[in-house]
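Worksheet: the structure to be examined is printed underneath.
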Amino acid sequence: MNLLDIIDPSSLGIHYFLEEVTVELEKETLTYWLQAVLAEEKKTLQSIRFIFCQDDYLHRINVEYLNHDTLTDVITFPYADKEDLINGEIYISIDRIEENASNYGVSTKQELHRVMVHGVLHLCGYDDQEESSKKKMSELEDYYLKKLILPIRDD
């Protein structure tokens, strides 16, 4: 039996959830971009669920599941049982994104996109615990961010 035979097809793909936050997302463009990232990384997408939340929500998850009593911008939970399959959840604190954007002198949207691809790279198997792997991940973030082209909007 194929793994995809026992999975609800509506859960496949990239999904976006908001937990008591408001975020403007170009969902179609972001989905296309992240699918291209996965293709270039030679990964097969099953499901990625982005959950955008506040600091307190992500802090509770950080304490409960990772035993880290700190604020963080992103936590990634991989669920795939095969190396080339991507299935997971990426929790992102919009509070951290806004503060980091201000600290780094970039737009909130730029920082959000960086953290989104950072989480996807974690699902692809990249780690950022050591200085060399952190540098590699940062280079990949920059590389993939250059490939993101957002539509021009007339507001």
- Item | Any hit, segment 89-99, residues being touching a Leu at 6+ places or on another chain (Cβ under 9 Å), among the hydroxyl-bearing types (Ser, Thr, Tyr) and either surrounded by 13 or more Cβ atoms within 10 Å (Cβ to Cβ) or at pLDDT below 95 (or both) | yes
- Query: Can you pull out the residues in segment 113-137 that are of a type in the set (Gly, Ala, Ser) and modelled with pLDDT of 95 or more?
  - Reply: Gly119, Gly125
- If we scan segment 86-99, do we find a residue that is in contact with a His (Cβ under 9 Å, 6 or more places away or on another chain) and among the hydrophobic types (A, V, I, L, M, F, W, C)? yes
- Just one of (1) in a loop (DSSP other than H, G, I, E, B); (2) touching a Pro at 6+ places or on another chain (Cβ under 8 Å) trips up Ala80, so point out which. (2)
- Query: Would a scan of segment 43-61 turn up a residue that is in contact with a helix residue (DSSP H, G or I) (Cβ under 8 Å, 6 or more places away or on another chain), part of a helix (DSSP H, G or I) and closer than 13 Å to Val117 by Cβ?
  - Reply: no
- Which of (1) closer than 16 Å to Leu112 by Cα; (2) without any contact (Cβ under 8 Å) to a residue 12 or more places away in the chain does Trp33 not meet, given it meets every other one? (2)
- Query: Does segment 24-43 contain any residue that is over 26 Å from Lys146 (Cβ atoms) and under 14 Å from the mean Cα position of the chain (by Cα)?
  - Reply: no
- Item | Flag if Leu58 is among the aliphatic types (A, V, I, L, M) and either surrounded by fewer than 18 Cβ atoms within 10 Å (Cβ to Cβ) or touching a Lys or Arg at 6+ places or on another chain (Cβ under 6 Å) (or both) | no
- Message: Condition check: on the phi > 0 side of the Ramachandran plot and in contact (Cβ under 8 Å) with a residue 12 or more places away in the chain. Does Gly105 satisfy that?
- Response: no
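The values are calculated or read from the model by the stated rules, or taken from the named source; none is laboratory data. Note that this is a predicted model, so its numbers are computed, not measured. Glycine gets a Cβ as well: all are built from the backbone with ideal geometry, and neighbour counts include every protein chain shown.
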